[in-house]
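Working notes, structure below.
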Amino acid sequence: DTGVSQDPRHKITKRGQNVTFRCDPISEHNRLYWYRQTLGQGPEFLTYFQNEAQLEKSRLLSDRFSAERPKGSFSTLEIQRTEQGDSAMYLCASSPGLNYEQYFGPGTRLTVT
Amino acid sequence: AQTVTQSQPEMSVQEAETVTLSCTYDTSESDYYLFWYKQPPSRQMILVIRQEAYKQQNATENRFSVNFQKAAKSFSLKISDSQLGDAAMYFCALIQGAQKLVFGQGTRLTINP
């Protein structure tokens, strides 16, 4: 069990470009979550999956954001036409089930210039 | 809507002393879970302690304990015998229903040697 991993750890992109982040959860964790954290703030929920089904999306997740978990294992989060306001740490977490604690990855820090 | 409030942006304590971090929350549900997470500088978020709302007994994990006051919707974290490695951002979080974590704004804890 190697924990939750995220790739890349850092991403610098120019405004208007598309970016994609990957999250590999702890094996056999059927729930996977994405959060966004801006400097000095607590993480904010974006979306979550149970297996391959995306069960909830936050209103923070505009139509420029899309997330997938095609085989119920790893997940990707894509941001199209990035804006400077998208600069943040994007955190992924996984959980083995209902009401269990979530285990977080190291995050992907996105900087949009 | 659920909310979590941490009213102490920063706290400091002398090494080996005890410190208490405050957290209040609001929810209309009777079944929920509360967590304290620790986020060291440039490192990933890790779980410190969890409390089930239906349990009256306060949770304890080694030097970490909570004071859970359900009627007052208060959930404070006490760290005994503070160590330099305890320096971090501490986030209080609530989970219920839709299983997404709702975080407070965080408290930055400094340990003075």
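Scan the range B:97-110 for residues that are of a type in the set (A, V, I, L, M) and at the interface with chain A (Cβ under 10 Å from one of its Cβ atoms) and jot them down.
B:Ala98, B:Leu101, B:Val102
The set of residues from the range A:22-37 being away from every other protein chain (no Cβ under 11 Å), surrounded by fewer than 21 Cβ atoms within 10 Å (Cβ to Cβ) and within 30 Å of B:Leu109 (Cβ to Cβ) comprises A:Ile26, A:His29. Selection of the range B:73-96 for residues being of a type outside the set (A, V, I, L, M), in a strand (DSSP E or B) and either under 13 Å from the mean Cα position of the chain (by Cα) or more than 13 Å from chain A (Cβ to nearest Cβ) (or both) yields B:Ser74, B:Phe75, B:Ser76, B:Lys78, B:Tyr90, B:Phe91, B:Cys92. Only one entry in A:Gln41, A:Gln17 is over 14 Å from the mean Cα position of the chain (by Cα), under 17 Å from B:Ile46 (Cα atoms) and outside any strand (DSSP E or B), namely A:Gln41. One residue alone among A:Ser94, A:Ser73 is surrounded by fewer than 20 Cβ atoms within 10 Å (Cβ to Cβ) and among the small types (Gly, Ala, Ser), and that residue is A:Ser73. If you scan the range A:58-94, which residues turn out to be touching a residue at least 12 places away in the same chain (Cβ under 8 Å), polar (S, T, N, Q) and more than 17 Å from A:His29 (Cβ to Cβ)? Within the range A:58-94, A:Ser58, A:Ser66, A:Gln80, A:Thr82, A:Gln84, A:Ser87 qualify. Considering only residues in the range B:20-53 that are of a type in the set (Gly, Ala, Ser) and more than 11 Å from every other protein chain (Cβ to nearest Cβ), the one that is nearest to B:Gln105 (Cα to Cα) turns out to be B:Ser22. As a summary of the residue check, B:Glu17 satisfies the conditions (1) part of a loop (DSSP other than H, G, I, E, B); (2) within 14 Å of chain A (Cβ to nearest Cβ); (3) over 21 Å from A:Glu101 (Cβ atoms) except for the one numbered (2). Every residue in the range B:44-79 that is closer than 30 Å to A:His10 by Cα and touching a residue at least 40 places away in the same chain (Cβ under 8 Å), please. Of everything in the range B:44-79, those that are closer than 30 Å to A:His10 by Cα and touching a residue at least 40 places away in the same chain (Cβ under 8 Å) turn out to be B:Met45, B:Val48. Note on the range A:65-113: among residues that are in a strand (DSSP E or B), under 20 Å from B:Phe91 (Cβ atoms) and not hydroxyl-bearing (Ser, Thr, Tyr), the one that is nearest to the other protein chains (Cβ to nearest Cβ) is A:Phe104.
When B:Gln2 is tested against (1) surrounded by 15 or more Cβ atoms within 10 Å (Cβ to Cβ); (2) modelled with pLDDT of 95 or more, exactly one condition is not met: (2). Residues that are among the hydroxyl-bearing types (Ser, Thr, Tyr) and at pLDDT below 95 do occur in the range B:46-67.
The values are calculated or read from the model by the stated rules, or taken from the named source; none is laboratory data. Everything quoted here is computed from the prediction, not taken from an experiment. Virtual Cβ from ideal backbone geometry, glycine too; neighbours counted across all protein chains shown.
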